[in-house]
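Chemist: The following block contains the structure, expressed as structure tokens.
The values are calculated or read from the model by the stated rules, or taken from the named source; none is laboratory data. In this text, all values refer to a predicted model and were calculated from it rather than measured experimentally. So basically every Cβ, Gly included, is an ideal-geometry build from the backbone, and we count neighbours across all protein chains shown. Heavy atoms of the whole protein, side chains included, go into the accessibility calculation; ligands, DNA and RNA do not. Shrake-Rupley method; radii C 1.70, N 1.55, O 1.52, S 1.80 Å.
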Amino acid sequence: MKIHWYLLQILFLLLPITAGAEVRTLADFYLHLDQAASVLKTQADLEAQQFHLRASEAQKGWEVFGGVSGGYQKSPFAREPFGHFFDPLARIGLRYPLLGSAERQDRAIGDAEAQVKIENVRHEWSKRLAALFMEENYAAYWSAEKMLALNNAYIHLRNAGIEKTLRQRHETGLLLMSDYFDFLSAFEQAERRRLEFMNNKEQALIRLAHLTNTSVTPFEAIKPKLNAVTDILSYDIKQLDLEILQTQIDNLRKVRETQNWQGIDSDISVTAFGGPAIPHPSPDSVQWGYGGVVGFNFRMPLEIVSYRKNEQSRLNSQLISFQAEYTRRDQELNLEFRSMLGRYQQLMQQIKFQQTRLDATRESVRERYLRLHALDGDALEKYIQAINTYYRAAIEYVEAEAEQWKLHVRLRQFISAPSGTSEAVRSETDLAGMLEPLKKADHFFEKRGAKETKPLKLIDSNDQPIVNRSDSTSMSFSVYAWNYDDIVNRPGFWEKSRSMQIGRALLSLDEQQIASVVSHPAALNKFLRDAKHQGVKVELLLGDPDWILPKERIRLLEIIKRLKPINFEGLHLDIEPDQFAGELEGRDKLEAFLETIHQAARISPWPVAISIHPRYLAKETSFDLCIPCQLRESGIKEITVMYYSMNLNSIAMTMKSAMQQYPELMFSLAQSLEPELGVENSYAHKPQAFFRDTMQKLYNHLRASNFNGLVIQSLKDWEKYIHENPL
């Protein structure tokens, strides 16, 4: 049920927020504050200590005692036949503790009272902290909501005609390729930030639901006015641990002042007793005896003076310890508060700067818009640059305002909410005003009426390409590297990889190499350090189709556990179900494959990617299983599609469909240079210039926020291909 509720929360989050979304203020959430788990726990702890206090109080004062006794003796003077037995005796009495015994009961009650007070402090603080934590998450939701609105308006410009206009100007020689890519990179970054904002909004929504123990659907948040925080006031720092320490100090002082009879236990008792005589003096009736006694009892150790002296010294030392800890913690909290207060004041100044910068960029957008109608040349590019700068300034302003709100909440963890007027900054972000320049730009590009540009033409496998050198420098490759020993120990490998534009290596190790690395990791660690220095990512590549079987799966999990200390950038699993020829078939084989991936991802310390055949991107060819959906739920970060074909249009259609359908997953495309494959599946039979140009065209055509580039199968075949095909 929790999983279903969680998915429902995400579904609600992904739905677009309409103008009619419910408005919920902080006060609406405070109504459910008592349902927070931390508050419920401290409430239960407080009640438990209250019951303990009542139990201690019930043990104070008069006590009842008693017993029944009899006995047997072996003596020549005993009377027969019953002389060997003592007369049975029953006794009952009342006892009242005095001196040290009474003080011990009083101390138990005092300790219980102190603990009740401590738990009450914890309970009150749990409600206070829950309210502040609730407000902090409300602030996070508010900022994510505002930044998503700005982000959506900005990204919509791409489809409104900016990208088409930029491409036109580049094709006509009016825009450099570097500037063209720079403009596109701004949108790609915005796409990435969009995922970040959505995740922040989702996390804040889920935390609000947990804190209120209710179902919270997306809503419109309203920022309240924040009271002023100045540096001229002498703040009284209050914290949970200080109040607890003060309670313990007060309790020890009370013990030291009231305990005068340590070590001397005493009580006064009244006892009544009676019983029959054995044998009965008269055979006709039972004879009874009875009596009573009043007593004063005490006990103490022989070294009572030493005991009392050491006990007093212990109490004094414990009190000094608590007082010193209180002073130390009070100093730490004052320093922490002053440091946070300084950061808050700096942030207030930063908000003023961001406000001025936002106004400046808004004016820049307005001026550039007016220049469009009066000047030629690069006025359009300047307008788009002004829009990009304005968008970044707007996002940074909202981020600064949200951070100021959160820091205001954290300051109130130290002190009571300060009174006074509202801050001298705008308390509510004018979202409509901030969106206005972006909406105006959107309207401008939609009405621009630029000519339709032809879609990027993918070359046919029989055409000779023309290599564009400016494009080729912008691309890097990933490679499957199955020859571990040859790579790690080869001199000049990094120069070679740089010339081949390798940016990521998927490095495979066999069982013998794994055992060697586990026992002697120095060589591999040096290789990984060198790779990072060279800007090359190295991921662990593991591939064996037998791991699909449940009985063989443990081998994969053991390998991952053994290699956990190695700092790979990721884990890449090349477990192809089509290469498995065991007892599992069809849907059962795919379900076993998914379970293997799930268990590996669950224990992997690195991000996990997998290689799959393109048929598994569709349910129709996967026995009605949504493979990407289940991989996403297992935490897989990247899917490498091993589409070995010369039909570039089919590749592009398949990849783009998958990337659009699953935008939260990264995708990469694997291409083959294996000579054993046919001419329709491997570039090993093509000229090197053809291979390079085709890779560049594929890369440019598939470029998107969730496309992670091209992967070449394999490094060894690629090097052989370059050697045999120098042109």
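Chemist: Quick one: which residue in 610, 651 is outside any helix (DSSP H, G or I), out of contact with any Gly (no Cβ under 8 Å at 6 or more places or on another chain) and open to solvent by less than 10 Å² (accessible area, probe 1.4 Å)? Talk me through it step by step, then tell me what you get.
Modeler: Working: 651 fails: outside any helix (DSSP H, G or I).
Step by step, each of 610, 651 is checked, and only 610 is outside any helix (DSSP H, G or I), out of contact with any Gly (no Cβ under 8 Å at 6 or more places or on another chain) and open to solvent by less than 10 Å² (accessible area, probe 1.4 Å).
Chemist: Kindly list, by first and then second residue, each pair from a residue in segment 90-116 that is more than 21 Å from residue 294 (Cβ to Cβ) to a residue that is of a type in the set (Asp, Glu), limited to pairs with Cβ atoms under 6 Å and residues at least 6 apart or on different chains.
Modeler: From segment 90-116, the pairs are 109/57.
Chemist: Which residues, counting only those in segment 476-504, are in contact with a helix residue (DSSP H, G or I) (Cβ under 9 Å, 6 or more places away or on another chain), within 20 Å of residue 638 (Cα to Cα) and open to solvent by less than 10 Å² (accessible area, probe 1.4 Å)?
Modeler: 477, 479, 480, 481, listed by residue number.
Chemist: I'd like to know if segment 347-366 contains one or more residues that are at pLDDT below 90, of a type in the set (Ser, Thr, Tyr) and open to solvent by less than 20 Å² (accessible area, probe 1.4 Å).
Modeler: For segment 347-366, residues at pLDDT below 90, of a type in the set (Ser, Thr, Tyr) and open to solvent by less than 20 Å² (accessible area, probe 1.4 Å): absent.
Chemist: Looking at segment 526-553 only, could you name the residues that are within 28 Å of the chain's Cα centre (by Cα) and either within 17 Å of residue 611 (Cβ to Cβ) or open to solvent by less than 90 Å² (accessible area, probe 1.4 Å) (or both)? First the steps, then the outcome.
Modeler: So the first thing to find is which residues in segment 526-553 are within 28 Å of the chain's Cα centre (by Cα), and the list is 528-529, 532, 535-542.
528, 535, 536, 537, 538, 539, 540, 541, 542 - these are the residues of segment 526-553 that are within 28 Å of the chain's Cα centre (by Cα) and either within 17 Å of residue 611 (Cβ to Cβ) or open to solvent by less than 90 Å² (accessible area, probe 1.4 Å) (or both).
Chemist: Answer with yes or no whether residue 27 is among the aliphatic types (A, V, I, L, M) and modelled with pLDDT under 85. Outline the logic, then answer.
Modeler: Working: among the aliphatic types (A, V, I, L, M): yes; modelled with pLDDT under 85: no.
Considered against the rule, which asks whether it is among the aliphatic types (A, V, I, L, M) and modelled with pLDDT under 85, residue 27 comes out as no.
Chemist: State all residues of segment 68-101 that are modelled with pLDDT of 70 or more, small (Gly, Ala, Ser) and in contact with a Gly (Cβ under 9 Å, 6 or more places away or on another chain); if no residue qualifies, say none.
Modeler: Applying the first criterion (modelled with pLDDT of 70 or more) to segment 68-101 yields 68-70, 88-101.
Adding the requirement that they be small (Gly, Ala, Ser) leaves 69-70, 90, 93, 100-101.
Selection gives 69, 70, 90, 93, 100.
Chemist: Now for a different question. Yes or no: segment 143-162 includes at least one residue that is touching a strand residue (DSSP E or B) at 6+ places or on another chain (Cβ under 8 Å), modelled with pLDDT of 85 or more and assigned to a helix (DSSP H, G or I). Can you show your working first?
Modeler: Here is the first cut: in segment 143-162, the ones touching a strand residue (DSSP E or B) at 6+ places or on another chain (Cβ under 8 Å) are 145.
Now narrow it down to the ones that are modelled with pLDDT of 85 or more: 145.
Retained after the next criterion (residues that are assigned to a helix (DSSP H, G or I)): 145.
Yes, because at least one residue in segment 143-162 is touching a strand residue (DSSP E or B) at 6+ places or on another chain (Cβ under 8 Å), modelled with pLDDT of 85 or more and assigned to a helix (DSSP H, G or I).
Chemist: What number of residues within segment 529-588 satisfy the criterion of being in a loop (DSSP other than H, G, I, E, B), aliphatic (A, V, I, L, M), out of contact with any Gly (no Cβ under 8 Å at 6 or more places or on another chain) and within 19 Å of residue 482 (Cα to Cα)? Step through it out loud before you land on a result.
Modeler: First pass over segment 529-588, keeping only residues in a loop (DSSP other than H, G, I, E, B): 535-536, 543-544, 549, 563-570, 574-576, 580-585.
Cutting the leftovers down to aliphatic (A, V, I, L, M) gives us 536, 549, 563, 566, 575, 581, 584.
Checking the rest, the ones that are also out of contact with any Gly (no Cβ under 8 Å at 6 or more places or on another chain) come to 563, 566, 581, 584.
If we keep only those that are within 19 Å of residue 482 (Cα to Cα) as well, we get 563, 566.
Number satisfying all stated conditions: 2.
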